[in-house]
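Engineer: Once you've had a glance at the structure underneath, I'll fire off some questions.
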Amino acid sequence: MRFEQKLQDNPEELEKIGKELEKYSGDRDTDFKEFIQRMWSIDKVKKMSTSEIIEKLQSMNVDFEIERFKKQAQNHISAIQLAEDHYYTQDFHAPGLDEDFIWLAMIELWNRIIPEKYNLEMIDDLMQEGYEDIDKQNYGGGLEKWEKTWDMIISIVPPHIKSVTEADKFIPDLTQSIFNWCQDFEIELGSAGMKDKSFYVKRIKYCQDFRRRFPKSDKSILENMLRAEAESYTELGDLEAAKKLLQEID
């Protein structure tokens, strides 16, 4: 979905890929461009009003009702899975490329109707937007998104799950695993702290929260979080707190 959206947003890249495909397949690049441009994307759905989205679903013989949708969402952490369970099972009519509209509509309607109930797609979007910001050296924007990502993750993962590996099993199919991302978050907070010490304070809180929330995670990750917390205290001038933390590492 993100790849197709980026192509739609970047005509030059779309042109380039179309020409490459033409070399190997003999197809005209305009065919490929037209195909991508005709595809449904989340941005196209976002430009529609809620009533337009629902009318489009109804025109496809998809039975959608807001209050029923709210109840269905209570048993799901993914808008796409909700679509698979309740809407792709209907006798819908989707000519051409319209079939993708259903799950894209469910993502967007969830964001509009019940934004307070976090889902897998919200987590994935914020996580990837954070990576994009950090790649552009926008550390403030990227890490702010990642703080929200962390809040979403710990709000969705049930309290009985005590390791990040198990959290990945509970929230599957993210573009980046929580296992990898949680360590990237700590590292980037440390990098940002070298320019703005307030990020060391955020890093300390995050490391504490992580160890408290997922105490049965891999020993290597827990020790890295302890080291990162100790390093942050050192940079803030609290050597005593840093020393105590380092003593906890075997």
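The values are calculated or read from the model by the stated rules, or taken from the named source; none is laboratory data. Just so you know, these numbers come straight off a predicted model, no measurement behind them. We place every Cβ from the backbone using ideal geometry, glycine too, and count neighbours over all the protein chains shown. Just so you know, the surface numbers come from the protein's heavy atoms only, side chains and all, with ligands and any DNA or RNA stripped out. Shrake-Rupley method; radii C 1.70, N 1.55, O 1.52, S 1.80 Å.
Engineer: Being closer than 28 Å to Gln137 by Cα, open to solvent by 70 Å² or more (accessible area, probe 1.4 Å) and more than 21 Å from the chain's Cα centre (by Cα) narrows it down to one of Lys244, Lys197, so name that one. First the steps, then the outcome.
Structural biologist: On the way: Lys244 fails: closer than 28 Å to Gln137 by Cα.
None of the others qualify; the one that does is Lys197.
Engineer: Say whether the condition of being over 29 Å from Leu226 (Cβ atoms), part of a loop (DSSP other than H, G, I, E, B) and open to solvent by less than 50 Å² (accessible area, probe 1.4 Å) is met by at least one residue in the stretch 108-115.
Structural biologist: Restricting attention to the stretch 108-115, the residues satisfying the condition of being over 29 Å from Leu226 (Cβ atoms) are 108-115.
Remaining after also requiring part of a loop (DSSP other than H, G, I, E, B): 114-115.
Right, trim to open to solvent by less than 50 Å² (accessible area, probe 1.4 Å) and you get 114.
Checked the stretch 108-115: at least one residue is over 29 Å from Leu226 (Cβ atoms), part of a loop (DSSP other than H, G, I, E, B) and open to solvent by less than 50 Å² (accessible area, probe 1.4 Å).
Engineer: Scan the helices (runs of 4 or more DSSP H) fully inside the stretch 25-82 and keep the ones with 3 or more residues being of a type in the set (A, V, I, L, M, F, W, C) and at pLDDT below 80. Let's see the steps before the verdict.
Structural biologist: Numbers: elements: 29-38, 42-46, 50-59, 66-73.
Filter on the stretch 25-82 gives 29-38.
Engineer: Can you pull out every residue in the stretch 212-223 that is surrounded by 17 or more Cβ atoms within 10 Å (Cβ to Cβ) and part of a helix (DSSP H, G or I)?
Structural biologist: Arg213, Ile221, Leu222
Engineer: Test each condition in (1) closer than 21 Å to Trp103 by Cα; (2) over 13 Å from the mean Cα position of the chain (by Cα) for Gln137 and report the one that comes out false.
Structural biologist: Condition (1) is where Gln137 drops out.
Engineer: Can you confirm whether Asp209 is of a type in the set (Asp, Glu), within 19 Å of Glu166 (Cβ to Cβ) and surrounded by fewer than 14 Cβ atoms within 10 Å (Cβ to Cβ)?
Structural biologist: Numbers: of a type in the set (Asp, Glu): yes; within 19 Å of Glu166 (Cβ to Cβ): yes; surrounded by fewer than 14 Cβ atoms within 10 Å (Cβ to Cβ): no.
When the stated conditions are applied, Asp209 does not pass them.
Engineer: Scan the stretch 137-158 and report the pairs whose first residue is farther than 13 Å from Asp196 by Cβ and whose second residue is open to solvent by 30 Å² or more (accessible area, probe 1.4 Å) and in a loop (DSSP other than H, G, I, E, B), with Cβ atoms within less than 6 Å and a gap of 6+ or a chain change.
Structural biologist: Listed by first residue and then by second, the contacts come to Met152/Tyr118; Ser155/Tyr118; Ile156/Ile77; Ile156/Tyr118.
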